[in-house]
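Working notes for the structure below.
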Amino acid sequence: MTDEQTGLFELPQRYVDLQAEAHRLAASCEDVADRADEADRFDPDVRERLAASGLCEVVVAAEYGGRFEAVDSLAVTVVREQLAAVSDHLDSMFAMQGIGSFAVSVAGSDAVRKQWLPQVAALEAIAAIGLTEPGVGSDLRAITTTVEEHDGELVVNGHKSFITNAPDASFFAVLAKEDDGYSLVFVPADAPGVTVTTPHQILAPHVLGDVVLEDVRVPVDHRLGEPGQGFRLMLSTLATFRVSVAGASVGLAEAALHEAVAHATTREQFGMPLAKLGGVPASLATCWVEIEAARAITYRAAAAAARDPLAGLHLSSIAKVHATEACGRVVDRCVQVMGRFGLVRGGKMERIYREARPMRIYEGSTEVILDSLAKKLVKDLAQ
């Protein structure tokens, strides 16, 4: 095989370097990961270390203090793979800076971008996006939050629920109905009429909250893009960041496998290591196979998204489904290999098990994504 052919299956050096940089940051947070991953507010040590690393620059364009000319899906994905292997809290803190600010990057007014995006890159401002509501999850066209333009201002009313980063957010990109369409509105967290509550928590604790907006007034230039462009901007965000969930899933699955292998090679039963006993070798090998397959489709999809996010959205969706579902199987299998030691309350394996489950739901549940993929498949083959 020629060097050129080999290169097709390897990350370019800049991503390898970025991977190593993210690995060093993750390793530096290992001592606080157990505590941070139980937190419902930003862990100060994790925030300080992430800010000092400069890695949040990856999710902002260079023009506004970012690392690359434009946000690069593959760069975000390889970083998340490393961070998620150590701390879900760290991974979420990094990823949400991009997910919450992307619509600002591509459609915000010059004034909003210049004021806020450099702060996002430096982790001085915390980004969040407000989509779901108490009665609305995947069917976002059913939202009841509204925005109206009055006397040179936008007036926002509504209730957003299960919003990541809400208790610590500096701003929200809020999806709202506007006339017959939907718009995204930039809302500073300290704007009068914004109230954040914390009525929910999930099995893998998260910085999570509800956001109530009562006659919140912001300047007209806080509308992101033109009126009615909300869903297009939201789709662009998904197209850029959805595949990174697959990267985080690969990292988490690999962390589980490392725990299982360490246990199986040191624990002896019936006079031999578990790694040589019964079905354990096959279980470990199957985990490895699933992880490498997931990594392959994830990197391919992320590279496609880096070139053209919307054109590669189907690949990002495929990678998200495949990697998150594989992660669930791998983690479950690793718990089985470890037996009662995989069930210990407060152990790393328990934390990994809880963190793996939400990945199949957020940023598009498996069922919703498969439904969209099926429609695209039928449409494409019918042409």
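The values are calculated or read from the model by the stated rules, or taken from the named source; none is laboratory data. On a predicted model such as this, the values are computed, not experimentally measured, just so you know. Cβ atoms come from the backbone with ideal geometry, glycine included; neighbour counts cover every protein chain shown.
Can you tell me which of ASP180, ASP221, ASP190, ASP215 is at positive phi and surrounded by fewer than 15 Cβ atoms within 10 Å (Cβ to Cβ)?
Exactly one of ASP180, ASP221, ASP190, ASP215 is at positive phi and surrounded by fewer than 15 Cβ atoms within 10 Å (Cβ to Cβ), namely ASP215.
Report, by residue number, each residue of segment 175-216 that is more than 21 Å from PHE42 (Cα to Cα), touching a residue at least 40 places away in the same chain (Cβ under 8 Å) and part of a loop (DSSP other than H, G, I, E, B).
ASP179, ASP180
From the list ALA51, ALA70, which residue is out of contact with any Lys or Arg (no Cβ under 6 Å at 6 or more places or on another chain) and in a loop (DSSP other than H, G, I, E, B)?
Criteria check complete, one pass: ALA70.
Would you confirm whether or not segment 295-307 contains a residue that is closer than 20 Å to ARG354 by Cβ and in the same structural domain as GLU363 (by TED's automatic domain parsing)?
no
Within segment 245-254, identify whether any single residue is over 14 Å from CYS327 (Cα atoms) and among the aliphatic types (A, V, I, L, M), and answer yes or no.
Checked segment 245-254: no residue is over 14 Å from CYS327 (Cα atoms) and among the aliphatic types (A, V, I, L, M).
Of (1) buried (at least 20 other Cβ atoms within 10 Å of the Cβ); (2) under 22 Å from the mean Cα position of the chain (by Cα); (3) more than 30 Å from ILE369 (Cα to Cα), ALA128 satisfies all except one. Which?
All conditions pass for ALA128, except number (3).
Among what's in segment 155-165 and is surrounded by fewer than 23 Cβ atoms within 10 Å (Cβ to Cβ) and not hydroxyl-bearing (Ser, Thr, Tyr), pick the residue that is farthest from the chain's Cα centre (by Cα).
Ranking the candidates gives VAL155 first.
Are any of the residues in segment 126-140 over 27 Å from GLY251 (Cβ atoms) and part of a helix (DSSP H, G or I)?
Among the residues of segment 126-140, at least one is over 27 Å from GLY251 (Cβ atoms) and part of a helix (DSSP H, G or I), which makes the answer yes.
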